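J.: Take a look at this one; I'll ask things after.
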Amino acid sequence: MPLALDDPAWGTLPDAYGHTETGQRIARLTEQWDAEEANDLFWSCLCHQDTLYPATFAALPHIVALGGDLTGKPRRDIAGFLGYVGHVAQQPIHVCGGMFDTPWTENPAQWKNKGLESILPEALALFPRIAELEEIAFLEEEDESAYHHAAGFLAAHGFDDLASFILCRENGSFVCDSCGRLHEWILFGDRIAYYDDVSQNDYGGMIVEDVSLIDWKQGAPDHAAGFAVPRVLSDPALDCLRVLLAKRADPITAALARFWRSGIGCATCDWTGELS
């Protein structure tokens with residue numbers, strides 16, 4: 001059962017700032033939705049700099065339920081937060097992005113070390129419902145930010161690698177596994193071009209033009225080191241995304257899906273790999 005919003009146990013479940021009033025704040029939002037209050041609770045206190053906290057997981061059942069009760073933009077705001085929590089919860093361990101000396105967690109593997117054993121099963125069981133809310137939000141969203149809901153939908157289904165790729169949108173980076181060179185990639189319509197990252201070179205103080213930036217501004221990959229080569233893949237993550245895209249067109253997300261795990265190469269050595 002979810003922790004009651006008036007349960008004294010909330011006093012042992014801090015947020016990013018060590019505050020323990022999460023239950024009270026959710027209760028107020030349940031009585032009357034306040035977008036500013038929700039934004040502060042979600043993005044400052046419960047998911048601070050891509051770090052999650054004990055209060056986050058205790059709050060999930062109540063926030064999911066609230067998302068089911070509301071409609072329109074409030075529901076989309078809740079769905080976006082929940083999907084991103086699903087994304088963050090699957091990231092590799094990183095340095096805590098919250099306040100120093102505040103108890104925190106990053107992914108399910110750490111929960112047992114943070115006294116959250118009783119919360120874990122119920123939190124994991126919520127992800128199918130989070131996926132449903134993200135699908136609704138993706139179909140309802142009126143602007144280009146809909147792709148955030150597509151990524152959250154994938155993350156809630158456990159396909160976070162593809163979710164992370166979708167969140168890159170039109171440009172990202174990769175590192176050569178052989179020589180360690182950093183590369184940038186840019187989506188130009190139906191092509192992805194990649195470039196050697198000139199920022200890692202020592203030019204002795206000389207100013208060198210970044211050709212990837214030139215191409216980005218001109219909208220054409222005239223100086224690309226190479227182009228990603230799409231592959232025909234049978235992948236459950238792609239199948240999941242295609243079901244969603246069949247219900248609403250999103251050209252950039254569809255293009256990224258086409259280039260998921262496409263063939264790439266190094267601008268310096270003969271290494272080849274996959275874009276992901």
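J.: Output the residue which, of all residues in the range 49-58 that are modelled with pLDDT under 85 and either crowded, with 20+ Cβ neighbours inside 10 Å or assigned to a helix (DSSP H, G or I) (or both), is farthest from the chain's Cα centre (by Cα). First the steps, then the outcome.
T.: In the first step, residues of the range 49-58 are kept if they are modelled with pLDDT under 85; the result is 49-54.
Checking which are either crowded, with 20+ Cβ neighbours inside 10 Å or assigned to a helix (DSSP H, G or I) (or both) leaves us with 51-54.
Working: Thr51: 12, Leu52: 13, Tyr53: 17, Pro54: 20 Å.
Result: Pro54.
J.: In this structure, does Thr20 turn out to be free of Cβ contacts under 8 Å to residues at least 40 places away in the same chain and part of a loop (DSSP other than H, G, I, E, B)? Spell out how you get there, then give the answer.
T.: Details: free of Cβ contacts under 8 Å to residues at least 40 places away in the same chain: yes; part of a loop (DSSP other than H, G, I, E, B): yes.
Judged against the criteria, Thr20 is a match.
J.: Among the residues of the range 224-266, how many are in contact with a Lys or Arg (Cβ under 8 Å, 6 or more places away or on another chain), surrounded by fewer than 16 Cβ atoms within 10 Å (Cβ to Cβ) and among the small types (Gly, Ala, Ser)?
T.: Residues that pass the stated criteria total 1.
J.: State all residues of the range 218-243 that are charged (D, E, K, R) and at pLDDT 90 or above; if no residue qualifies, say none. Walk me through how you get there before you give the answer.
T.: Initial filter on the range 218-243 (charged (D, E, K, R)): 222, 231, 235, 239, 242.
Result: Asp222, Asp235, Asp239, Arg242.
J.: On the basis of being modelled with pLDDT under 95, closer than 24 Å to Asp161 by Cα and not aliphatic (A, V, I, L, M), does Ser262 make the cut?
T.: In short, no.
J.: With Asp215, Asp177, Asp210 as the choices, which residue is surrounded by fewer than 20 Cβ atoms within 10 Å (Cβ to Cβ) and either modelled with pLDDT of 95 or more or within 24 Å of the chain's Cα centre (by Cα) (or both)? Reasoning before the result, please.
T.: Numbers: Asp215 fails: either modelled with pLDDT of 95 or more or within 24 Å of the chain's Cα centre (by Cα) (or both); Asp210 fails: either modelled with pLDDT of 95 or more or within 24 Å of the chain's Cα centre (by Cα) (or both).
Every option except Asp177 fails the conditions.
The values are calculated or read from the model by the stated rules, or taken from the named source; none is laboratory data. Treat the numbers as computed from the prediction; the structure is a model and nothing was measured. Quick reminder, even Gly has a Cβ in these numbers, built from the backbone with ideal geometry, and neighbours come from all protein chains shown.
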